[in-house]
Amino acid sequence: MSMTTTPSGTAAAGAVDAVKVYGTDDTEVRALDGVTIDFERSRFTAIMGPSGSGKSTLMHCLAGLDRLSAGRVRIGDVFLDDLSDAKLTELRRDKVGFVFQAFNLIPTLSAAENITLPMDLAGRKPDAAWMDQIINIVGLADRLSHRPSELSGGQQQRVAVARALVSRPEIVFADEPTGNLDSRSGHEVLGFMRYAVSDLNQTVVVVTHDPNAAAYADRVVFLADGRIVDQMENPTAERIIDSMKQLGG
Amino acid sequence: MIRIALKDLFARKRRLVTTGIAVVLGIAFLTGTQLLSVSLSDSIKSLVGDVYSGFDAVVRSPRTQETPFGQPIRTQVPAGLVDQVAAVDGVGAAVGVVESPGPEIVGNDGKVVGGGFGPPTLVYNWIDDEGLRIGSLRQGGPPTTAEQIVIDFRTADSLGKQLGDELSIATTQDGVRPYQIVGISGLGDDGSQSTGVRPITFTTAEAQRLLNQPDQFNFVAARAIDGETQADLAARIGEELPEWQVLTGEAFTAENQEQISQFVDILEIFVSVFGYVALIVAIFIIYNTFSIIITQRTRETALLRAVGATRRQVIVATLLEAIVVGLVAATFGLAAGFALATLLLRVLSGFFTISSTVPSLAGGVVVLAVVIGVGVTVLSAVIPAIRSSKVPPVAAITEVAVDRTAISVSRRIWGAALVVGGVALIGTGLAQTGPNPLYQVGGGALAILVSVAVILGPLIARPVSRAIAAPFSLGGLIDGRLAGENAARSPKRTAAAAAALTIGVTLVTLIAIVASSIKASADDAISSSVKADFVVATASLTSFGAIPADSADAIREIPGVAEVSPIRFTLLRLLDPVGVASATTATTVPAGQLGAPSDAPPGEDTFALGIDPASWFDVVDSGGLEGSPEDLTAGTMAVERKFATERGWRVGDTIPVYFVATGVQPVRVAVIYDEQLGQGSILLPLATFEPNSLPLFNTDSQIFVTTEPGADTAAVKAALDAQFADIPTVSVQDLQEYIQSQTGPINVFLGIVYALLGLAIVIALIGIANTLSLSVLERTRELGLLRAVGMTRWQLRRTILIEAAIIAVFGTLMGLVIGIVFAGALSVAIAADNPGILTFQLPVVQLLVIVAVATIAGVVAALLPAWRASRMNVLEAVSSS
Ligand SMILES: Nc1ncnc2c1ncn2[C@@H]1O[C@H](COP(=O)(O)OP(=O)(O)OP(=O)(O)O)[C@@H](O)[C@H]1O
Ligand SMILES: [Mg+2]
């Protein structure tokens, strides 16, 4: 199994020799230590690894929420490293979907408004058919006018995923989207993302600690100390657990 | 616990600054004015002491009358009195003194110097006796011919004049003519001091001629021989000359000091009002800030409670924080007040001598600053503190960062009680019952204002915020929608942030409406009753007797002129039963006064106009007349109907009237007319006016001119302009200009009021900025999320700016509505007493400007928080808790 993959033209996003250093000198932490990876279109990737291994950092840098110390990242054909803040923001709005572990929604807006937020910010009308499709799949048709405070945690995360998908981004990143949910709600959210990849041809990358969640993916990437240490195609929960034991030991 | 509170406080220095700044400004104004007035009255007292320092005794006429503008008017004394006083034992020397306003200095720009504000130009006569001379000569010598004068060094400096130069002086006798400066004087032993008054010293004869008081002095001043005390001297003169009023030099000086310090007192009251307004506005801001901080600290407080802090400890900790904020703010406020007073003293020292430009820091002022600063802050923090103590320990694990509680029943009850109480106070105040109507009306208005801002505000804040946001979200703009929802999310906070602005705008609106109504009323009254085409008037209200005596006759010669009607003004005292009953001040006899007491009997002081009965009723429509203008002969008067009815006067009645010049005189009511112009309830034909008036008032103040039908009015105007071209103290006005000049002083007053209220609004805006900063802090995570999903910095900034605009518009609209309601109530109340006196008029343009300015200013206030919000790190924001 190769430790790295070379970037290819069909990838939705990728990183080359990504390095992220926090702090200086004695307090220096290399959160990413030379990561090269590609995320192919219409695939579901899971990223796993021990706490502090740099999973979130990688996602943030890929999604244009943070900048690398060295190396390059790109979304589609656009390299993010020399984009201005305004261009980066525009790219996040139009080309990237992001789901956080919690607090994904604006409390003053209804579920529907939260979903269309990126489109509204861009001043564009969402594609009605696409929007209907997404809403039906997440099963929120009767909850659209509710405020986030009136939704359950699982429903809130589903709204967040719907929002991430609504503008048909190049790629959706989700950082432990089910971390705060019970396993049933978690599976609903993951099932929805799986559906988005298989049936709607979307590209999704998920960070998770849960082997069962990672088993939804087409591929699992293992990170440790800011490096990619292992990869696995068509994973199952058992193989993932085995692999984690090996890496841990 | 205390350590925790203080640690938290100093960890957030910026918040400390924004919380305290409103208090700092309020205190600065209060203490600044007080320090200023203490220093000013000290300076003025010592200066006035210098002016009359050589006098041991003053002999003057007992015939006097108070005036609304402070300085009493008094008749002159005959020149012969000087020798009589000089002959009294113990008198070293006695001189007649001329001291009066009248002629004005014409500056290099051809305009009157001083222009009606500040210290006056005064005419003096040259006094040979050095001990009794006012001031001392710095350069040159005394005036020896009628064309020569001595002026003081400050006047000379400000006009760039030197010894030997000519100075133009406007007089009623000769128009504008040059006098030669032969001496330059100053006050104090070395002539280095100045009171700011512009004294011009003429020869005695010329001074008397210019003031129309030949062979008369305003008073006689005497110097004692060595070893004679002032008291003994005054007593001896009083014994010898019992028909005159005698004062010791000290008493005379004290009386003058008293009169001047009244002006300083009024100034102080006027400016401190704004200090108090600033403080009231500050209360709202501090209350709001503490409320927000405490809500934000809910979790922390709950944690403290969970680990065993008592409710008392929680309250004490918050109040302690308030005390520290108050103390710090009071200290800075005092420093700022000191700086303000120093600055103003510096500025004022350009006009007159000030003993020290560093204000003396009186202990009372320090105590005032600390008490008010800490008091106001603690007061505003009490309710939030109590609320914070009610946080249940379990709140530590729930997430409530925003105060969304409904408006409690007790709050509504209190609010209703305040409104009812306020209305009652205003009602009784306007009905003139109760100890102090003015305070009652003010207090009532404040109660209503507070209750509306605190109770009604939160109730309507949500729908109104959304309504205001609607135009911003047109076309699906998400930032407008977000801003509206943010403002609507915590209606109590939005209302409280807006309340400070509401107060400021209420005051501005109220004053703007009342002023415009007064102007509209004057406009109505003048344009409907004055038939004159032109009015020749003195350029400033204070320059008496600026119109040359022969002007009216000269105007009659102008082709096309039909009627020429001069008017004069004076004060008289009515001694009819109503007047006697309403006498408020019996003229007080100052300590140290001997001889005849003031002879004015108790009565009611009122303005009266001197008119020419043959032409007056043609140039001013006075409605129906009872009696004929021809009956207005010497010893008669015309009275306005309402005034006459109130007093039960009828045509033919004889009323005792006190004139300063001639004492009590019977005056018969010859005409009663229906409608009056301005202050003129009583019209005296010149035949009554002239013999009974002091020379100072016995000159034309205005001349009304009508043109013949078909006459070339432009030519008449040109001829009038030509006639008065050389006299800067006189202006020729058409009716519109006349109306403007009559209402001009209102504009000046308004300018000052607007400027000072602007301060209250600035403080209110600091409040909005403060609230927004805290809200932004509280919403960090949300804002981070918005940025993460693609909101640009500009969009984020705009969202916050729109939110500020919503709060500002909300506060402004509330203020506007309350202001209009108050003004309406006030004018209804006034109209109930005096029908037709006030035309309620909304100054639409001004009100729109107020709304626009407040809104723009609100947005400006949000610039900093908005900028800061847009600069924050997206990731840190998202992961903050
Ligand atoms: N803002 C920061 N400043 C300093 N160090 C940071 C910062 N953010 C992350 N790090 C460090 O970088 C390393 C990687 O952090 P990262 O959040 O990417 O880990 P993670 O794999 O997401 O862990 P977890 O599973 O706990 O979420 C950690 O050692 C962390 O301490
Ligand atoms: Mg992480």
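Please give the contour-minus-distance gain from B:Ala424 to B:Glu737: 0.36 nm per residue of separation, less the Cα-Cα distance, rounded to one decimal in nm. Before the final figure, lay out the partial values.
Values: separation 313, 0.36 × 313 = 112.68 nm, distance 4.24 nm.
Roughly 108.4 nm would be gained on extension.
Which FRET efficiency value, to the nearest 0.05, is calculated for B:Asp89 and B:Ala339 with the Förster distance at 45 angstrom and r the Cβ-Cβ distance?
On the way: r = 56 Å, r/R0 = 1.24.
The calculated FRET efficiency here is 0.20.
Can you list the residues of segment A:73-116 that have at least 20 square angstrom less accessible area with all protein chains present than in their chain by itself, probe 1.4 Å?
A:Asp85, A:Thr89, A:Arg92, A:Arg93, A:Phe100, A:Phe103, A:Ile106, A:Pro107, A:Thr108, A:Leu109, A:Glu113
Per the helix-only calculation at 222 nm, which mean residue ellipticity applies to chain B, given -39500 (n - 2.57) for every DSSP H run of n ≥ 4 and division by its residues, nearest 500 deg cm²/dmol? Display every interim value, and only then the final one.
Values: 26 runs with 476 residues, N = 881.
About -18500 deg cm²/dmol.
Out of the total accessible area of chain B (probe 1.4 Å, heavy atoms of protein only), what percent is carbon and sulfur? Mind dumping the intermediate values first?
Working: 22680 of 36340 Å².
For chain B, the apolar C and S fraction of the accessible surface comes to 62 percent.
Give the angle, between 0 and 90 degrees and rounded to the nearest 10, that separates the Cα long axis of helix B:457-469 from the longest principal axis of the Cα atoms of chain B.
Tilt of helix B:457-469: around 80 degrees.
How much length would be gained if the chain were fully extended between B:Leu863 and B:Ile383, taking 0.36 nm per residue of separation minus their Cα-Cα distance, in nm to one decimal? Present the calculation step by step, with values, prior to reporting the outcome.
Working: separation 480, 0.36 × 480 = 172.80 nm, distance 3.01 nm.
So the chain would gain 169.8 nm between B:Leu863 and B:Ile383.
When Lys and Arg each count +1 and Asp and Glu each count -1, what net charge do the other residues less than 13 Å away from A:Gly54, Cβ to Cβ, add up to? Intermediate values should be presented prior to the final figure.
Working: positive: A:Lys20, A:Arg30, A:Lys55, A:Arg227; negative: A:Asp33, A:Asp66, A:Asp175, A:Asp225.
Neighbour charge sum, excluding A:Gly54 itself: 0.
Which one, B:Thr295, B:Asn256, B:Ala330, is farthest towards the positive end of the dipole of segment B:220-350 when Lys and Arg carry +1 and Asp and Glu -1 on their Cβ?
Checked the options; the winner is B:Thr295.
What does the charge add up to near A:Gly23, with Lys and Arg as +1, Asp and Glu as -1, over the other residues with Cβ less than 15 Å from its Cβ? If you can, show how the numbers build up before the last one.
Values: positive: A:Lys20, A:Arg30; negative: A:Asp25, A:Asp26, A:Glu28, A:Asp33, A:Asp66, B:Glu876.
Once positives and negatives cancel, what remains is -4.
I need to check one value: relative contact order of chain B, counting alpha carbon pairs closer than 8 Å and at least 6 residues apart, in percent. Don't jump to the answer; show the numbers that get you there.
Numbers: 1696 pairs, mean separation 145.5, N = 881.
That works out to 17 percent.
Give, as a single signed number, the net charge of other residues whose beta carbon lies under 12 Å from the beta carbon of A:Val78, with Lys and Arg counted +1 and Asp and Glu -1.
Around A:Val78, the surrounding residues sum to -1.
Kindly tabulate the residues in segment B:786-807 with an accessible-area decrease of at least 30 Å² between the chain alone and the assembly of all protein chains, using a probe of 1.4 Å.
SASA drop of 30 Å² or more in segment B:786-807: B:Leu786, B:Arg787, B:Ala788, B:Val789, B:Gly790, B:Thr792, B:Arg793, B:Gln795.
Can you give the accessible area per residue of the protein assembly as shown, in Å², using a 1.4 Å probe? Can you show the working numbers first?
Values: 46660 Å² over 1130 residues.
It amounts to 41 Å² per residue over the protein assembly as shown.
How do B:277-286, B:227-236, B:214-223 rank on mean C-beta neighbours within 10 Å, highest first? If you can, show how the numbers build up before the last one.
Numbers: B:277-286: 25.1, B:227-236: 17.4, B:214-223: 21.8.
So the order, starting with the most tightly packed, is B:277-286, B:214-223, B:227-236.
Provide the descending list of Cα extents for segment B:561-707 along its principal axes, expressed in whole angstroms.
Here the Cα extents, ordered largest to smallest, are 57, 32, 24 Å.
Under the √(5λ) rule applied to the eigenvalues of the Cα gyration tensor, what semi-axes describe the equivalent ellipsoid of segment B:686-805? Give them in Å, descending. Mind dumping the intermediate values first?
On the way: eigenvalues 835, 88, 21 Å².
Calculated on Cα positions only, the semi-axes equal 65, 21, 10 Å.
Quick one: pull the percent of accessible area on chain A belonging to carbon and sulfur, 1.4 Å probe, ligands and nucleic acids left out. If you can, show how the numbers build up before the last one.
Numbers: 4940 of 10320 Å².
For chain A, the apolar C and S fraction of the accessible surface comes to 48 percent.
What is the spread of the Cα atoms of segment B:54-248 along each of their three principal axes, largest first, in whole Å?
52, 35, 28
After finding the eigenvalues of the alpha carbon gyration tensor for segment B:225-271, what semi-axes result from the square roots of 5 times each, listed largest first in whole Å? Each step should come with its number before you reach the end.
Details: eigenvalues 213, 31, 4 Å².
After scaling each eigenvalue by five and taking roots: 33, 12, 5 Å.
If you put +1 on each Lys and Arg Cβ and -1 on each Asp and Glu Cβ, how big is the dipole of segment B:54-248 around its Cα centre, in Debye rounded to 20? Let's see the in-between values first.
On the way: 13 positive and 26 negative charges, 136 e Å.
Dipole size: approximately 660 debye.
Provide the packing ranking of A:228-235, B:503-510, i.e. peptides ordered by the mean count of other C-beta atoms within 10 Å per residue, highest first. It would help to have the intermediate numbers written out before the result.
On the way: A:228-235: 16.9, B:503-510: 26.5.
Listed from highest to lowest mean packing, they are B:503-510, A:228-235.
Provide the FRET efficiency to the nearest 0.05 for the B:Ala554-B:Val821 pair, computing r from the beta carbons and using R0 = 51 Å.
That gives a FRET efficiency of 0.45.
Can you give the charge dipole size of segment A:114-249 about its Cα centre, rounded to the nearest 20 debye, using +1 on the beta carbon of Lys and Arg and -1 on the beta carbon of Asp and Glu? Let's see the in-between values first.
Values: 13 positive and 18 negative charges, 59 e Å.
Here the size comes out at about 280 debye.
Is there a quick way to get the dipole size of the protein assembly as shown? I mean about its Cα centre, with the Cβ of Lys and Arg at +1 and of Asp and Glu at -1; what is the value in debye to the nearest 20? Spell out each step's value before the answer.
Details: 81 positive and 108 negative charges, 1502 e Å.
Around 7220 debye, computed over the protein assembly as shown.
Output ³J(HN,Hα) for segment A:36-44: one whole-Hz value per residue in order, computed from phi by the Karplus curve 6.51 cos²θ - 1.76 cosθ + 1.60 with θ = phi - 60°, and x for Gly and Pro.
Karplus values, whole Hz, x for Gly and Pro: 10, 7, 10, 10, 6, 4, 6, 10, 10.
What is the Cα centroid distance between segment B:126-200 and segment B:469-501, reported in whole angstrom?
66 Å
Could you check how many percent of all C-alpha pairs in chain A are farther apart than 33 Å? Walk me through the intermediate numbers first.
Details: 4954 of 30876 pairs.
Of all Cα-Cα pairs in chain A, 16 percent lie more than 33 Å apart.
Residues with amide H under 5 Å of A:Ala174's amide H, sequence separation 5 or more or different chain, H placed in the peptide plane at 1.01 Å from N; which?
Those qualifying (amide H under 5 Å, at least 5 residues apart or on another chain) are A:Val99, A:Val205, A:Val206, A:Val207.
Note the angle between two axes, namely the Cα long axis of helix B:363-389 and the longest principal axis of the Cα atoms of chain B, as a number of degrees from 0 to 90, rounded to the nearest 10.
Result, in degrees: 30.
In Å² (nearest 100), what accessible area is buried between B and A, both sides summed, heavy protein atoms only, 1.4 Å probe? Working shown, then result.
Numbers: alone 37470 and 11430 Å², together 46660 Å².
Approximately 2200 Å² gets buried when B meets A.
Would you kindly state how much longer the chain becomes between B:Ala725 and B:Ala687 on full extension, computed as 0.36 nm times their sequence separation minus their alpha carbon distance, in nm to one decimal? Each step should come with its number before you reach the end.
Numbers: separation 38, 0.36 × 38 = 13.68 nm, distance 3.04 nm.
Roughly 10.6 nm would be gained on extension.
With an 8 Å cut-off on Cα pairs and a minimum separation of 6 or more residues, tell me the relative contact order of segment A:84-214 in percent. Please report the intermediate quantities before stating the final value.
Numbers: 184 pairs, mean separation 42.4, N = 131.
32 percent.
With label points built 7 Å along Cα→Cβ from the Cα atoms of A:Ser51 and B:Val347, find their separation and express it in nm.
6.4 nm
What is the calculated FRET efficiency for B:Asp174 to B:Ala581, with r their C-beta to C-beta distance and R₀ = 41 Å, to the nearest 0.05?
Working: r = 47 Å, r/R0 = 1.14.
Once the sixth-power term is evaluated, E becomes 0.30.
Against the longest principal axis of chain B, how steep is helix B:844-871, in degrees 0 to 90 to the nearest 10, with axes from Cα atoms?
Once rounded, one gets 40 degrees.
Residues with amide H under 5 Å of B:Tyr179's amide H, sequence separation 5 or more or different chain, H placed in the peptide plane at 1.01 Å from N; which?
It is B:Leu167, B:Ser168, B:Ile169, by chain and number.
From the residues B:Gly680, B:Val366, B:Ala522, which one has its Cα farthest along the dipole of chain B in the positive direction, the dipole being from +1 and -1 charges on Cβ of Lys/Arg and Asp/Glu about the Cα centre?
B:Val366
Put one equal scatterer on each alpha carbon of chain B, apply the Debye formula with no solvent term, and list log10 I(q)/I(0) at q = 0.05, 0.08, 0.09 1/Å to two decimals.
The Debye formula, applied to the Cα set alone, gives -0.39, -0.89, -1.04.
List every residue whose amide H lies under 5 Å from the amide H of B:Ala562, counting only residues 5 or more places away in sequence or on a different chain, with H placed 1.01 Å from N in the peptide plane.
The answer is B:Thr706, B:Thr707, B:Glu708.
Any chance you could check the Cα centroid distance between segment A:96-171 and segment A:67-91 for me, in angstrom?
Centre-to-centre (Cα) distance: 25 Å.
In percent, how large is the relative contact order of segment B:54-248, given Cα pairs closer than 8 Å and 6 or more residues apart? Please report the intermediate quantities before stating the final value.
Numbers: 425 pairs, mean separation 69.9, N = 195.
Result for segment B:54-248 is 36 percent.
Give A:Lys20/A:Lys95; B:Lys390/B:Lys492; B:Lys111/B:Lys531; B:Lys45/B:Lys161; A:Lys20/A:Lys55 a once-over and call out the pairs whose C-alpha atoms are over 20 Å from each other.
Among A:Lys20/A:Lys95; B:Lys390/B:Lys492; B:Lys111/B:Lys531; B:Lys45/B:Lys161; A:Lys20/A:Lys55, the Cα-Cα distance tops 20 Å for A:Lys20/A:Lys95; B:Lys111/B:Lys531; B:Lys45/B:Lys161.
The values are calculated or read from the model by the stated rules, or taken from the named source; none is laboratory data. Keep in mind it's a predicted model, so treat the numbers as computed, not measured. We place every Cβ from the backbone using ideal geometry, glycine too, and count neighbours over all the protein chains shown. When the accessible area is computed, the model is the full protein with side chains, heavy atoms only, and any ligands, DNA or RNA have been set aside. Shrake-Rupley method; radii C 1.70, N 1.55, O 1.52, S 1.80 Å.
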